[in-house]
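Throughout, read-outs are computed from the coordinates displayed, never taken from laboratory work. Given the structure is predicted, the values throughout are model-derived calculations rather than measurements. All Cβ positions, even for glycine, are placed from backbone atoms using ideal geometry, and neighbour counts span all protein chains on display.
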Amino acid sequence: MLGSTIIVFREVLEAALIIAVVLGASRGATGRGRWISAGVAIGAIGACIVAAFAGRISDALNGRGQEFFNAAVLLVAVAMLAWHNVWMSAHGRKLAADMRRLGHDVMMGVKPLSAMLVVTALAVLREGSETVLFLYGLAAGGTGQLALLGGGMLGLAAGAALGFLLYKGLVRIPVRQFFAVTGWIVLLLAAGLAANAAGYLNQAGLLPVLSPQVWDSSNLLSQHSLFGQTLHVLVGYQDRPTGIGLIFYVVTILTIAALMRLVSGNRRNTGSGSLATRSMS
Amino acid sequence: MSQFTFSLMVIAGFVLPLSATAAPQAQEYRIVIKNHRFEPAEVVVPAGQKLQLVVENQDATPEEFESHALNREKVIPGNSKANIFIGPLKPGSYDFVGEYHEDTARGKIIAK
């Protein structure tokens, strides 16, 4: 039972921390609970489908299907988080002001909430499919149903509890600084996911590693420890990062920060311009 | 704002079309998973080269090959094989585990 508890806890923790950040980042938006719950549900169904087709996904693209799938899932999540931060840099100030003035939730619009729904669904899908595969393996291996269920539920509850604690911690931040803080967390979260994606693309043999281990801080803070794993999810901490992973990390931060600056500058000066074309050129 | 979504997706996804490029040539090393153990549990490989691990899971249940030291993570369904590219490695020892059966499924790559 302990084994299943720990594995389920680890997988759930990653998704729960991301959901906590997403809930924080959409704080004050009317209906965010519904959107994010829908994200969890879609992710859970998706996780079962992905787990059922795990063999097929693995075999796809000359045995590199799993890497491409994971990289794609991560990069879409990065794009959604980036989009959210860019949107917030245009509208966040007004949103926070409205929240303070009205003292209750305000309409945020469908677009930023749907971005958060996608991020939630993808997080649950990725971690959930691994959990389903693992539990399926245990069940097939003859572990008792009750022990399995008990162990899994305990892991789920513990992971969800930590996510809840993080959320409770986040909402203690005063509204005035709140979105600045969540903006930073979303930025680093996105950068960490991009670095993970780089890992999968390198694993598929598509990207060079550049440097296999830029440093090794596993003795200082193991990525396998609870704190190390939490930092891994939230800010992209890796105890033995690769060169390509670090480059993805830094480039993601710089790209999102530049887009955010562009949008908030543009809003002040010219209103809404043709940002997409400018950022592409 | 929807151009944004589009342009970000393009930026984020620009590497995927490169998937047509062939996997690099690399020497193969075979590892079998049986009864939730790696066989061999210790693989000696040359340092400074690209390598390909062919991990064959002979158990009926899925396993996740995971190594923080090698930055690798791959689910291997029951009764199937997975290719994992690693290296070039510096000389040293690199632990890996089967995450779903970490108490028994442990091994290391030794690069010389």
(message) Between 0 and 90 degrees, rounded to the nearest ten: what's the tilt of helix A:54-63 against the longest Cα principal axis of chain A?
(response) 80 degrees
(request) Output the relative contact order of the range B:24-111, whole-number percent, from Cα pairs under 8 angstrom with separation of 6+ residues. (result) 33 percent
(request) Report relative contact order for the range A:2-280 in percent, whole number only (criteria: Cα-Cα under 8 Å, sequence separation at least 6). (result) 30 percent
(request) Sticking with the crude label model, points 7 Å out along Cα→Cβ, report the distance from A:S211 to A:A60 in nm, one decimal please. (result) 3.5 nm
(message) For the protein assembly as shown, take the convex hull of the Cα atoms, compute a quarter of its surface area, and give me that in nm², please.
(response) 19.1 nm²
(request) Can you pull the one-decimal nm distance between simple spin-label points at A:V251 and A:T30, each 7 Å off the Cα toward Cβ? (result) 4.2 nm
